[in-house]
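J.: Got a structure for you, written out below as structure tokens; questions coming shortly.
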Amino acid sequence: MNRKGFTLIEVLIAMAIFVTAFFSIIDSQNMNVRSSARARRMSQATLLAEQKLSEVMLKYDGKSLSEIPEKEEGQFEKQFSSYRWVFSSQDFNYDLSFLVQMMQGEGEEAKEQQQSPILAYLPKISKFIQNSSKEITVTIYWKEGSGERNFTLTTHLFNYKQPVQL
């Protein structure tokens, strides 16, 4: 018997392979589109956080750190109305006591060494940093799917005019 065509089984197997490959390609394209959209929203949130942080820094430039509120929040306008922001500030506590322990060391050798004069100033330096700095955080929120995503940007403001009292 001379066969010059494909059997039904061969055609069905070829179609199954084609359909599987086709849907795999379509699924990977959908995944690409979702990833691209997620990256675009994250980039937009980053830019909005930088913008809001710049606004806050300009708003309180030249003012006392105590005038900066602990929390503010709002919604972006127009094309960014799907994003909201929360601004918060807190005192920046930088404890230098670990330096005292490092400089003092341990054991007999430490007792024999003369105390460094800087050890007496470390508590005052810590207090100065605390009184002349503030931690500023801006968080951007947006809806994604059934949940809410966020991006947080933190920086520190310093009052360089604060007198150092040693």
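J.: Could you say whether any residue in the stretch 39-51 is more than 30 Å from Val138 (Cβ to Cβ), out of contact with any Leu (no Cβ under 9 Å at 6 or more places or on another chain) and among the charged types (D, E, K, R)?
T.: No: the stretch 39-51 contains no residue that is more than 30 Å from Val138 (Cβ to Cβ), out of contact with any Leu (no Cβ under 9 Å at 6 or more places or on another chain) and among the charged types (D, E, K, R).
For (1) more than 21 Å from the chain's Cα centre (by Cα); (2) over 30 Å from Gln130 (Cα atoms); (3) surrounded by fewer than 10 Cβ atoms within 10 Å (Cβ to Cβ); (4) hydrophobic (A, V, I, L, M, F, W, C), each residue gets a yes or a no:
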| residue | (1), (2), (3), (4) |
| --- | --- |
| Gly5 | yes, yes, yes, no |
| Leu12 | yes, yes, no, yes |
| Val19 | yes, yes, no, yes |
| Ser24 | yes, yes, no, no |
| Arg41 | no, yes, no, no |
| Ala49 | no, no, no, yes |
| Met57 | no, no, no, yes |
| Ser64 | yes, no, no, no |
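J.: Another question about this same structure. Could you tell me whether Leu157 is surrounded by 15 or more Cβ atoms within 10 Å (Cβ to Cβ), in contact with a helix residue (DSSP H, G or I) (Cβ under 6 Å, 6 or more places away or on another chain), at pLDDT 85 or above and not in a helix (DSSP H, G or I)?
T.: no
The values are calculated or read from the model by the stated rules, or taken from the named source; none is laboratory data. Nothing here was measured: the structure is a model prediction, and the numbers come from that model. Here Cβ is always computed from backbone atoms with ideal geometry, including for glycine, and neighbour counts include all displayed protein chains.
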